[in-house]
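Please read the structure below before turning to the comments.
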Amino acid sequence: MALDRKRKRGAEVIVQKNPTVFEEEPNRMDAEDDASAGSGHLSSGAEESDGEMQVEQEEEDISGKPVTTSTPHTTRRPPTALELRDIKDATDLYRSSSFKLQIDALLPNARPKYKHSPPLDRFLAALHGCLNSIPTVEPRHPLEASKALLKKGIAVPYISPLPTPETNWKVGFEKPSEILLVGSWPNKLSVKAQDKQPFTVDLAVEMPSTLLQEKDYLNSRFFQKRAYFLSVIAAAITNKKKGINADAYFTSPSGDPRQICLTVRPNSGSDDDLTKLNAEVRIIPTMGSTSPIPIQRLSPSRANIRTTSAGETAATELPTPLYNNTLHLSTTPKAQLLRSHTLKNLVPSYADGLTLLRIWANQRGYGRGSKLCIKGFESNGAFWTGVMDLLISGEDTSVASSSKSAKRKPLGKGLSSYQLFRAALDFLARHDFARERIFVKSETVHKFAPEEYPSNSPVFVDSTGVNLLASIPIGSLDTLQYDAKLTLDILNEDLTAQDPFREAFLKDHRDLQTRFDVVMRVDLSSAKLRVSSTHSTLDYGSLYDTLLGTLLSSLRKALGNRAKAVACLHHPCEENLLLETDPTHSPTIYIGLILEVEHAFRLVDHGPTADDPDPQAATRFRDFWGDKAELRRFKDGSITESVVWDVQTSDDRTKIPYYICTHILGLHCGIPGSDIQHWQDPFDATLRLPEDVTSVYRAAKAEAGFKAAMTAFDGLVKSVKALDDELPLAVVNISPITDVLRYTSVFTPTAITASSFTSLPRCAHYLQPMDVIVEFEKSGRWPDDLRGIQKVKLAMFERLATKLMESSPGLRATVVVGDPIATSDIMDTASLEIVTPQGWAFSARIWHDRELKLLDTSIDDRPHIPPHIKKKLPGGPDPKVVRASLEAKEVYVRRFLHAPRHHRAVAALCHRYTAYAGTVRLVKRWLASHWVLQKYVSVEASEILCAAVFLGSAKMGTSQPYVASAPGTKERGFAKVVQLLKDWQWQNGIFVPLYGEREGDTAELPKNDLPASGKEGVWRLSTELDPDGYMWTRDAPDAVIARRIQTIASATWSCLQNMERGSLDVTTMFAHPAKQYDFIIELNPALLPRYYQNIHVNPSVWARKGKYANVVDQDKDNHSTVQPGYDPAWRLFNDLSRVYKDTFMLFYDPLGGARFGGVWDPRLKEPRPFKILGKFSAIPAAKEAAKDKTMVVLNKEAILCEIERFGAGLVTGITQCI
Amino acid sequence: MSTSTTISGFTPLRVTYSSSSTHIIYVRAHSGPSKKGKEAAFPEGRTLFLANVPPDATERELVLLFKSAGTVEMVIFNGDEEELGSVEEENSDEGESCEDDGEEIEEEVEEDSHPRKKRRTGKGAAKLTAPQVVLLPPRPARTFRKTGSTAHVIFTDASSIPRALAPSKKDRSWPSDPESPLGLAHYAALHASLRPPLDIVRAHADSWMELFDYEEAKKKKQGKYRKGEAIVDDDGFTLVTRGGAYGQTVGGGVGVASKQFQQEVRRGGGAARHRKKKEPAEKETFYAFQIHEKKRNDLIELKKKWEEDKAKVEKLKSSRTFKPY
């Protein structure tokens, strides 16, 4: 005991050793928390930052000592002060401790391995020597100079307008005045690019000021000289004798020919081989600070390109902001390097934070990669450092800004990398790039006043004074903002939700199909600007950039608030051989729209009113919209210029953004509609019925559409409620439980009237009955017996049917007694089939709440006795009865308790997210076309899965906020569901906040208590009302099917990725390969009432066979009235799957499939000993195979023969695939 | 291949479906039942036990198949119960799946449960005239059983068994019953039969309820519960069970604890209801060492969690998860 006490004392001493740490720690953390927690108040730590630093320093001093003396630690020992500090840091400064550890694990993988750098150092030394030894070239006429270089195999990449013989300036070469490593490499801030693209090591080569003249800022003269300077270097490097062993290419990182650089890659095999490091050297000619070009001339408001003849005054010239900025950029590399070095030393986690930000950006296509990247961000590393600089230094308060918003204050210097990253995202997500301008605080005063910058371009002036965003389209910045918002949302979510680390850093988000609501592939080869001016071309630097600039700004203007972001994606410029001059742009670009769903499908765009004070406004509007603009008078009396998009169907309506884009591209850029590829139409086509059938519907004036179906349902409810007096019990409630009445059935429902029925071909006779549940008022007169209840239901149905037929003429009502398969007499099987005079079919069931209680009693009549005692007691309910009751209860709970709630939730979701219904329909169609819907993936399960994509899988509070990442079109929703299915680890389950209800409401629903071992489904789709998650996936898909669906999803996903190559063929995603089945059962399509729904329908099936048009079809069967729900193929499919459950698995497309595919159970391949209940049809194995006589094998031929017998008349043949 | 050999005591009976495919039914004479009371159902000596019966076989088809052996009295399928009994039956590999009790077999024979009711009442209360249940129209005769199920065929004469088991030179061909169609016709008939005329539905439901009421009344008469009388068993104990009015026992007299109370007791919260929030006997932070101990344990806990996280990330790292691209 005493010893024990002593040991405790010892422990005490350790704890008390450095009390300061414990005292200080919490306070400090609190301060940090304040600075970081509310992302809106990021700047609060400004004043305290110095103090914080000191505290931290002190701590390091104090806690530094225990480290050296620390004993080997075990988990039973309390953590040392240093460890404690690490732990505290990780939990307080990061999202969570594991988040910190994950970041630590991630960072080294994204950085170059500097241990491989010796060859690079050697190579750079060689390059340095080579550059310094280049002989001087005397100034001479540019054309002459280029001719001389052409002999060495180099074409000087002069800018257009190319120099002419009349040119009066000269180009030359002198030894560079300074050679400096710049960019991220020397500061060890490099981040790996996507798709194994090499690291670039930037080498700034300063042009000696003697080569330049004061007036070189005019008319691209500097750039011409720069191009020549670079060409001479290129010639020296590639020189066989004197040069170094390396390949050199001209590259233009941002596609701007003015910013051309020389990329040098040592040949593989030489001792300077950089393949291991995966790096290349980029030589950037720069302009030194002593150059004669006056910086004042580079103000964005100055006009430095003279397009007019020399006689006119400069006042009429338009400013050339882009040109000036590009010129200015030639001076900055060194300054940027120094700045980032300062920051790196100033803020310890600067490098890590920047790396995180760049990984994040790279994963979203804001950087180099072999896939598409966002226009403007191909090579804009300086922007990311600029953003970090802004966060750390804050905005320049001295610059007067037009907006009175508070300036960004500098953040504390002790922030962790994660906090810096979050702050950066916060800035990107909140900053309005289109309106507000940013001037990063710097030691020097900003050279140009904010007023000088053009109003229509984003401005982000970094500490060196250049605008880093000058050439970036605003649409790209919108996309950036949207992405930052999404990531912030994910990071803000609960810890229990999906892995935020993976979402933020590890997942590739560049796929077009899941990223953008509308994707268009535009071929620019025939594009021609309607209004083209030489001035803007010169300002932009190339025709391509001018075209894109105009195209994007007009698209953005035309779409207005319909789109959150209009992004332009393209493949970055290829590198040029030294003999080609112009950078080659890929002729196709992709335009991706992220829609603002509220406004995107608006039919009318209003322009200026007729009595607008500005007379030019109307003209401008008409000019912008072309012949689409009309002067219209609206209901409210206003007369405005407007653009009206007329649509015929709801499919058309979802295409409005696309229509706008085609119109604008055609009008302003001369791009014909045929050059714009878009993928909605083929998707729409998969949800449409064949024209032959719809024309019959139209001719019969049959009601069609979801709205009509719901009206019909309302009518039914009304007519049933009207019968209250004539029924023994009043109807309290009728609730629908069918996807037809919640917008999510694959096909729009259509009524089949008596007249249309006769003219429809036999393979289009199917009429989907809509399931509804009738709830009567409570009454004590129901029998207290399960069998009795089912019989009373029959009586109620009979009464209801009789009365309904009396009250509404033309209505047909039939009682359906029981289920074709189930023989249990306590299960709810009966239903009432109603066909309205308009041709809608309903199938009603009665919900009696006492049933549940009775079932519970028959499952367990003594619930108060604990199970372990009950086991020993004699008696107890008959196991057979228990089993039947369990089954009946499962059906009951699913049908009467969960289905109506599910229906309401899904219907609400359809209203909230316009794209949801379409997504579900596409996904269902897709699942059906791959033969797994209904049998293996229930309709409800697919709806929940789709909801997961819209709602996110996070646990939300009582009110569901609108999820920003929710898809705006069904195509994107579909792609996201496919992605989910591809990546989903179904072992982990998924939570979908489908109901958005409070926790309290959820307890009331009873669970199914079928034994858990009996369940075969592996998909766990939990919702608030179904925490177990197996309500709709109890029996299927099992592991085999789930894996299969995953495989199909991956195949579909890779098919969707063809979008990037423009070769996406939508129909292939819905084509099911039948080769993988062991046998295929072919059905006679002409006899299938649902064949018309087949995805690859063949119209010749219902084409008139006989010679004479007036001969009545002989096999037109005897039934002349519509038979709702009559689908023999589905029945046959179910019978076969039930009978041969243990022999083979059967697959079928419930939407009009004409084939079954079967796969033998692999366990039956081997001969096995004979058993009486072997559960398969066996035949004695061949003699040689079995010494033992009792071995038997599967009798495949006989089984196939039986199948043919089962489907006599329907089955036309069975093919076995080997 | 000769079929004379037996497999686990069964004689394989080859039945040709078509020129290319042959189905095997495994046949054996029915041997004595393991339980008593079965003799009536399967008379020994003239019952044949079949395994692997074609899933769509009807009684008539089996009768036709064994016509050459003799007259068949009855065919009893027991495949449908296999889902339930599979556990037990797998234990007894002998395959004496005739263990199902008699009632169930009746059900199989008659397809529908209603006639059974009728018969039972006929037996039980012969003196009162029980109401007759109007039957719903019968389903199509075909019932699809799971593949590989078993059946008993009872011949009228014991001499038929050896004849049926005798190896035949020629394979028998599967007879098909024209009266119960298959395929499309079957499904059409099924669809129609599930939708009987309304008057039959009504008559069925009404008559069934009449019978139900009748039986209820009868049960009530036989029951030992009388209103106002406590139920006392032979030993003199009074039965206390819920069911009477106003929280009293079924017979009346004694009060019964409310359901809510019982549930609370079951949850173990009964005690808490009476003694509210008892102070823990020992103060946990009384001595200074306790406080330190607690602090120390907290820290150790913290460290443990940290180590766990570390291990987790280390594991992820080894699976190369942290390669961003």
Mind checking which pairs have a first residue in region B:47-75 that is more than 14 Å from chain A (Cβ to nearest Cβ) and without any contact (Cβ under 8 Å) to a residue 24 or more places away in the chain and a second that is crowded, with 24+ Cβ neighbours inside 10 Å and outside any loop (DSSP other than H, G, I, E, B), Cβ under 7 Å, 6 or more apart or different chains?
none
If you take the residues of region B:6-24 that are at the interface with another protein chain (Cβ under 8 Å from one of its Cβ atoms) and under 11 Å from A:Glu1197 (Cβ atoms), which of them is nearest to the chain's Cα centre (by Cα)?
B:His23
Go through region A:791-840 residue by residue and tally those that are farther than 16 Å from A:Leu727 by Cβ, more than 9 Å from chain B (Cβ to nearest Cβ) and outside any loop (DSSP other than H, G, I, E, B).
3
Here are A:Asp627, A:Asp611: which of them is among the acidic types (Asp, Glu), farther than 21 Å from A:Pro967 by Cα and part of a loop (DSSP other than H, G, I, E, B)?
A:Asp611
Considering only residues that are touching a strand residue (DSSP E or B) at 6+ places or on another chain (Cβ under 8 Å) and of a type in the set (Asp, Glu), which ones fall in region A:216-266?
A:Asp247
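Yes or no: region A:759-766 includes at least one residue that is farther than 23 Å from B:Ala205 by Cβ, within 14 Å of another protein chain (Cβ to nearest Cβ) and assigned to a helix (DSSP H, G or I). Write out each step before concluding.
Of the residues in region A:759-766, the ones farther than 23 Å from B:Ala205 by Cβ are A:759-766.
This time we only want the ones that are within 14 Å of another protein chain (Cβ to nearest Cβ), so: A:762-763, A:765-766.
After this cut, where a residue has to be assigned to a helix (DSSP H, G or I) as well, the list is A:762-763.
Yes; the residues of region A:759-766 include at least one that is farther than 23 Å from B:Ala205 by Cβ, within 14 Å of another protein chain (Cβ to nearest Cβ) and assigned to a helix (DSSP H, G or I).
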Would you please list the contacts, defined by Cβ atoms under 6 Å and residues six or more apart or on different chains, that run from a residue in region A:1164-1184 that is under 13 Å from A:Leu1194 (Cβ atoms) to a residue that is among the hydroxyl-bearing types (Ser, Thr, Tyr) and at pLDDT below 80?
A:Phe1170/A:Thr1190; A:Phe1170/B:Ser8
For region A:587-617, give me the residue count where each residue is of a type in the set (D, E, K, R) and within 17 Å of A:Ala567 (Cα to Cα).
1
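Quick check on region A:438-457. Is at least one of its residues outside any loop (DSSP other than H, G, I, E, B), touching a helix residue (DSSP H, G or I) at 6+ places or on another chain (Cβ under 9 Å), surrounded by fewer than 17 Cβ atoms within 10 Å (Cβ to Cβ) and touching a residue at least 40 places away in the same chain (Cβ under 8 Å)? I'd like the intermediate steps shown before the answer.
Narrowing region A:438-457 to residues outside any loop (DSSP other than H, G, I, E, B): A:438-440, A:450-452.
In the following step, the residues that additionally are touching a helix residue (DSSP H, G or I) at 6+ places or on another chain (Cβ under 9 Å) were identified as A:438-440, A:452.
If we keep only those that are surrounded by fewer than 17 Cβ atoms within 10 Å (Cβ to Cβ) too, we end up with A:452.
Okay, now just the ones that are also touching a residue at least 40 places away in the same chain (Cβ under 8 Å), so A:452.
Yes: region A:438-457 contains one or more residues that are outside any loop (DSSP other than H, G, I, E, B), touching a helix residue (DSSP H, G or I) at 6+ places or on another chain (Cβ under 9 Å), surrounded by fewer than 17 Cβ atoms within 10 Å (Cβ to Cβ) and touching a residue at least 40 places away in the same chain (Cβ under 8 Å).
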Could you list, in sequence order, all residues of region A:775-830 that are among the polar types (S, T, N, Q) and more than 18 Å from A:Val731 (Cα to Cα)?
A:Thr814, A:Thr823, A:Ser824, A:Thr829
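Would you confirm, using the coordinates I've provided, whether A:Trp847 is touching a helix residue (DSSP H, G or I) at 6+ places or on another chain (Cβ under 6 Å), modelled with pLDDT of 85 or more, under 27 Å from B:Ala189 (Cβ atoms) and away from every other protein chain (no Cβ under 12 Å)?
Values: touching a helix residue (DSSP H, G or I) at 6+ places or on another chain (Cβ under 6 Å): yes; modelled with pLDDT of 85 or more: yes; under 27 Å from B:Ala189 (Cβ atoms): no; away from every other protein chain (no Cβ under 12 Å): yes.
So A:Trp847 fails the test.
Test of understanding: among A:Ile1081, A:Ile1048, which residue is within 30 Å of A:Gly1213 (Cα to Cα) and in a strand (DSSP E or B)? Explain how you work it out, then say what you get.
Values: A:Ile1048 fails: in a strand (DSSP E or B).
Sole residue among the options that is within 30 Å of A:Gly1213 (Cα to Cα) and in a strand (DSSP E or B): A:Ile1081.
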Residue list for region A:588-617, filter: surrounded by fewer than 16 Cβ atoms within 10 Å (Cβ to Cβ), hydrophobic (A, V, I, L, M, F, W, C) and at pLDDT 85 or above:
A:Leu603, A:Val604, A:Ala617
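Residue by residue, here is whether (1) over 40 Å from the mean Cα position of the chain (by Cα); (2) in a loop (DSSP other than H, G, I, E, B); (3) without any contact (Cβ under 8 Å) to a residue 40 or more places away in the chain; (4) more than 14 Å from chain B (Cβ to nearest Cβ) holds:
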position: A:Ser858; (1), (2), (3), (4): yes, no, no, yes
position: A:Ile865; (1), (2), (3), (4): yes, yes, yes, no
position: A:Arg883; (1), (2), (3), (4): yes, no, yes, no
position: A:Glu890; (1), (2), (3), (4): no, no, no, yes
position: A:Val893; (1), (2), (3), (4): no, no, no, yes
position: A:Phe896; (1), (2), (3), (4): no, no, no, yes
position: A:Pro900; (1), (2), (3), (4): no, no, no, yes
position: A:His903; (1), (2), (3), (4): no, no, no, yes
position: A:Ala908; (1), (2), (3), (4): no, no, yes, yes
A:Phe1206 - would you say it is within 8 Å of chain B (Cβ to nearest Cβ) and modelled with pLDDT of 80 or more?
yes
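Which one is surrounded by the fewest Cβ atoms within 10 Å (Cβ to Cβ), of the residues in region A:637-663 that are in a strand (DSSP E or B) and in contact with a helix residue (DSSP H, G or I) (Cβ under 7 Å, 6 or more places away or on another chain)?
Quick first cut of region A:637-663, residues in a strand (DSSP E or B) only: A:639-644.
Going one step further and asking which of them are in contact with a helix residue (DSSP H, G or I) (Cβ under 7 Å, 6 or more places away or on another chain), we end up with A:641, A:643.
Working: A:Glu641: 22, A:Val643: 20.
Top of the filtered list is A:Val643.
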Hey, can you tell me all the residues within region A:618-636 that are touching a strand residue (DSSP E or B) at 6+ places or on another chain (Cβ under 7 Å), within 24 Å of A:Ser553 (Cα to Cα) and surrounded by 14 or more Cβ atoms within 10 Å (Cβ to Cβ)?
A:Ala618, A:Phe621, A:Arg622, A:Trp625, A:Lys628, A:Ala629
Looking only at region B:146-199, and only at residues there that are within 14 Å of another protein chain (Cβ to nearest Cβ) and among the basic types (Lys, Arg), the one that is surrounded by the fewest Cβ atoms within 10 Å (Cβ to Cβ):
B:Arg195
Modelled with pLDDT under 50, surrounded by 12 or more Cβ atoms within 10 Å (Cβ to Cβ) and more than 12 Å from chain B (Cβ to nearest Cβ): is that true of A:Gly51 in this structure?
yes
Out of everything in region A:98-120 that is part of a helix (DSSP H, G or I) and more than 28 Å from the chain's Cα centre (by Cα), what residue ends up being surrounded by the fewest Cβ atoms within 10 Å (Cβ to Cβ)?
A:Lys115
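To keep it simple, each residue is scored yes or no on (1) buried (at least 18 other Cβ atoms within 10 Å of the Cβ); (2) in contact with a His (Cβ under 8 Å, 6 or more places away or on another chain); (3) of a type in the set (A, V, I, L, M, F, W, C); (4) within 11 Å of chain B (Cβ to nearest Cβ).
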site: A:Asp1127; (1), (2), (3), (4): yes, no, no, yes
site: A:Leu1132; (1), (2), (3), (4): yes, no, yes, yes
site: A:Asp1149; (1), (2), (3), (4): yes, yes, no, no
site: A:Pro1167; (1), (2), (3), (4): yes, no, no, no
site: A:Leu1173; (1), (2), (3), (4): yes, no, yes, yes
So A:Leu723 fits all but one of (1) touching a strand residue (DSSP E or B) at 6+ places or on another chain (Cβ under 9 Å); (2) surrounded by fewer than 15 Cβ atoms within 10 Å (Cβ to Cβ); (3) of a type in the set (A, V, I, L, M); (4) touching a residue at least 60 places away in the same chain (Cβ under 8 Å); what number is the exception?
(2)
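The values are calculated or read from the model by the stated rules, or taken from the named source; none is laboratory data. What you are looking at is a predicted structure, and each value in this text was computed from that prediction instead of being measured. In this analysis, Cβ positions are derived from the backbone assuming ideal geometry, glycine residues included, and neighbour counts consider all displayed protein chains.
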